[in-house]
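*Asks:* Below is one structure. I have some questions about it.
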Amino acid sequence: MPASPRVHPKRKILLIEDTLPLATLYVEYLRAEPLAVTHVTTGREALAAAAANPPDAVVLDLKLPDMEGLEVLKALQARDPGVSVVIVTAHGSIDIAVEAMRLGAFDFIVKPFNADRLKLTLRNALERRALASIVAGYRKDLDRGRFHGFIGGSPEMQAVYRTIESVAASRANVFITGESGTGKEVAAQAIHRASPRRDRAFVALNCAAIPKDLLESEIFGHVKGAFTGATGDRPGAALLADGGTLFLDEICEMPIDLQSKLLRFVQTGTVAPVGSGREQRVDVRFVAATNRDPLGEVQCGRFREDLYYRLHVIPLALPPLRERGEDVVEIARALLTDYAREEGKALAGFAPEVEARLRAHDWPGNVRQLQNVLRNVAVLHDGPLVTPDMLPPLMMPQGAAASARAANGSQPDGGGPADGDAVLPLWRVEKEMIQRALRLTGDDVPRAALLLEISPSTIYRKLQQWRLSDERAA
Ligand SMILES: Nc1ncnc2c1ncn2[C@@H]1O[C@H](COP(=O)(O)OP(=O)(O)OP(=O)(O)O)[C@@H](O)[C@H]1O
Ligand SMILES: [Mg+2]
């Protein structure tokens, strides 16, 4: 019988048979098949062999000197529920073979049998095994509506999850791109958490948020007296991330002179704290992120090409929310549940029209914008369902903060309240400060709230008040 092309080359067979002449005969039967056959004579040997080199299929003689055949079957299945076990039985003990089938054995053959019978049964067993793993693979993907902090089961996100999973084990550097609010930081953390480095530090450094002259010492650390204000030795992010992951967020904002120092670090794996010549070796995995087009930045000369290629080993592009189909509704439901609980509201779902609007919106601020919209709803409204009238004008392209700014166009928004000696009404100072914080953070209400040291709800309430008073004035 010609070898079936559907049998994968060198599938692994574990043959458990204590009668040596029979074992020799079976091995001979299978010699022309693309199989790697391992032969053992006892149950204990079988379990050790299965642990050391997991087989794709097993041929198991139920009569063994040291263990009950059914026990061996159960132990093999406990190790690998997908393993296909073919039972070999004597004519008189078919009832045990039937019991083995009930326990999940794939098939049984009655002694004596010829070569074709054995080959055919094994081919079927291997095929079932292959199908089972394909199905398991699909199921795993389909089941993944959530992945390390991500919500969303769209095919676009499944591809992201697969990339993260497949790169996590290596120490290859990953370069994450994606519009603002698409989850770049979530992805960086997922890479760390899925990696063998998960028990070591994940250190995130936002190159845009740290003043340029402090950035070098933030990365590399400094020694006492390295510069005014350096009152003691301080380890930098590189050292803190030793053995773990260093996340260089908004990498394109890094000043060009610092980029060359970073390049050296990426190339050599050594760092010297500012003010010290002593090089130190550290073991970090780099994950970088930007919402810019990094190659465009290279072409404009703002980002070093050599650094780009060092960091851009595995590209990971996060799709915009508007391209993730139903994910927007899935994420919205999860956020609504959280926010309703936090705000003590009974909001439990969306009116169908609201879901339709969530799907149709283009979400320029992606998941973060969706968070803002739902926080706004949860702070200002209550009821079992979110209805269309509760949606903020944020659902228009520029967002509530932007429309609040636009509405403010009638008032000159000078350099701010600190200008000259002018004393301004307190409400105006407040409004200008909130608007400035929103501008600085790209309408990120929670971040603006952090800067202002107030709660996000306060900002949402103010935005609502201003909108109402603007509407009244109009
Ligand atoms: N798929 C998702 N499911 C649930 N929450 C998400 C998802 N993606 C992002 N988030 C949440 O959205 C917010 C923004 O995500 P993150 O900070 O990772 O975005 P980013 O791409 O780094 O944005 P930026 O470019 O503005 O820094 C975070 O609170 C994050 O937890
Ligand atoms: Mg980010």
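The values are calculated or read from the model by the stated rules, or taken from the named source; none is laboratory data. Bear in mind that the values here come from a model prediction, so they are computed numbers and not experimental data. Cβ sites come from the backbone with ideal geometry, for glycine too, and all protein chains shown count toward neighbours.
*Asks:* Return the only residue of R129, R144, R171 being more than 13 Å from ligand 2 (Cβ to nearest atom), at pLDDT below 90 and in contact with an Asp or Glu (Cβ under 6 Å, 6 or more places away or on another chain). I'd like the intermediate steps shown before the answer.
*Replies:* Numbers: R144 fails: in contact with an Asp or Glu (Cβ under 6 Å, 6 or more places away or on another chain); R171 fails: in contact with an Asp or Glu (Cβ under 6 Å, 6 or more places away or on another chain).
None of the other options fit; the residue is R129.
*Asks:* Given V287, V313, which one is of a type in the set (V, I, T), at negative phi and in contact with a His (Cβ under 9 Å, 6 or more places away or on another chain)?
*Replies:* Working: V313 fails: in contact with a His (Cβ under 9 Å, 6 or more places away or on another chain).
On inspection, the qualifying residue turns out to be V287.
*Asks:* Still on this model: Can you pull out every residue in region 244-272 that is surrounded by fewer than 16 Cβ atoms within 10 Å (Cβ to Cβ) and either within 16 Å of ligand 2 (Cβ to nearest atom) or free of Cβ contacts under 8 Å to residues at least 40 places away in the same chain (or both)?
*Replies:* D257, R264, T268, G269, T270
*Asks:* Among the numbered criteria (1) of a type in the set (A, V, I, L, M); (2) in contact with a helix residue (DSSP H, G or I) (Cβ under 6 Å, 6 or more places away or on another chain); (3) exposed (fewer than 14 other Cβ atoms within 10 Å of the Cβ), which single criterion is violated by A190?
*Replies:* Among (1) of a type in the set (A, V, I, L, M); (2) in contact with a helix residue (DSSP H, G or I) (Cβ under 6 Å, 6 or more places away or on another chain); (3) exposed (fewer than 14 other Cβ atoms within 10 Å of the Cβ), the lone unmet condition for A190 is (3).
*Asks:* Kindly list the number of the only condition in (1) within 16 Å of ligand 1 (Cβ to nearest atom); (2) touching a helix residue (DSSP H, G or I) at 6+ places or on another chain (Cβ under 8 Å); (3) at pLDDT below 95 that fails for E253.
*Replies:* (2)
*Asks:* For region 183-203, check the following and say yes or no: at least one residue is part of a loop (DSSP other than H, G, I, E, B), within 11 Å of ligand 2 (Cβ to nearest atom) and not polar (S, T, N, Q).
*Replies:* Taking region 183-203 first, the residues part of a loop (DSSP other than H, G, I, E, B) are 183, 194-201.
Among the residues that remain, those that are also within 11 Å of ligand 2 (Cβ to nearest atom) are: 183.
Then keep just the ones that are not polar (S, T, N, Q); that gives 183.
Yes, some residue in region 183-203 is part of a loop (DSSP other than H, G, I, E, B), within 11 Å of ligand 2 (Cβ to nearest atom) and not polar (S, T, N, Q).
*Asks:* Mind checking whether some residue in region 132-146 is within 16 Å of ligand 1 (Cβ to nearest atom) and hydroxyl-bearing (S, T, Y)?
*Replies:* no
*Asks:* Now a separate question. Residues in region 172-182: is at least one touching a residue at least 12 places away in the same chain (Cβ under 8 Å), more than 10 Å from ligand 1 (Cβ to nearest atom), surrounded by fewer than 22 Cβ atoms within 10 Å (Cβ to Cβ) and not hydroxyl-bearing (S, T, Y)?
*Replies:* Within region 172-182, the subset touching a residue at least 12 places away in the same chain (Cβ under 8 Å) is 172-182.
In the following step, the residues that additionally are more than 10 Å from ligand 1 (Cβ to nearest atom) were identified as 172-175.
This time we only want the ones that are surrounded by fewer than 22 Cβ atoms within 10 Å (Cβ to Cβ), so: 172-173.
Filter again for not hydroxyl-bearing (S, T, Y), leaving 172-173.
Yes, there is a match, as at least one residue in region 172-182 is touching a residue at least 12 places away in the same chain (Cβ under 8 Å), more than 10 Å from ligand 1 (Cβ to nearest atom), surrounded by fewer than 22 Cβ atoms within 10 Å (Cβ to Cβ) and not hydroxyl-bearing (S, T, Y).
*Asks:* Next question. Give the residues of region 159-171 that are of a type in the set (S, T, Y) and either more than 12 Å from the chain's Cα centre (by Cα) or within 14 Å of ligand 1 (Cβ to nearest atom) (or both), sorted by residue number. Before you say what the answer is, go through the steps one by one.
*Replies:* Taking region 159-171 as the starting set, the residues that turn out to be of a type in the set (S, T, Y) are 161, 163, 166, 170.
Matches in region 159-171: Y161, S170.
*Asks:* Say we look at region 291-307 and pick out the residues that are in contact with a Phe, Trp or Tyr (Cβ under 8 Å, 6 or more places away or on another chain) and under 18 Å from S260 (Cβ atoms); which of these is nearest to ligand 1 (Cβ to nearest atom)? Give the steps one after another, and end with the answer.
*Replies:* Filtering region 291-307 down to residues in contact with a Phe, Trp or Tyr (Cβ under 8 Å, 6 or more places away or on another chain) leaves 294-295, 297-298.
When the remaining residues are screened for being under 18 Å from S260 (Cβ atoms), the result is 294, 297-298.
Working: P294: 13, E297: 15, V298: 19 Å.
Looking at residues that are in contact with a Phe, Trp or Tyr (Cβ under 8 Å, 6 or more places away or on another chain) and under 18 Å from S260 (Cβ atoms), I get P294.
*Asks:* Moving on to the next point. Could you give me the residue pairs with C-beta distances under 7 Å whose first residue belongs to region 279-292 and is closer than 14 Å to K184 by Cβ and in a loop (DSSP other than H, G, I, E, B), whose second residue is among the small types (G, A, S) and within 16 Å of ligand 1 (Cβ to nearest atom) wherever it lies, and which are 6+ apart or on separate chains?
*Replies:* Once the first residue is closer than 14 Å to K184 by Cβ and in a loop (DSSP other than H, G, I, E, B) and sits in region 279-292, its partners that are among the small types (G, A, S) and within 16 Å of ligand 1 (Cβ to nearest atom) give N291/G178; N291/S180.
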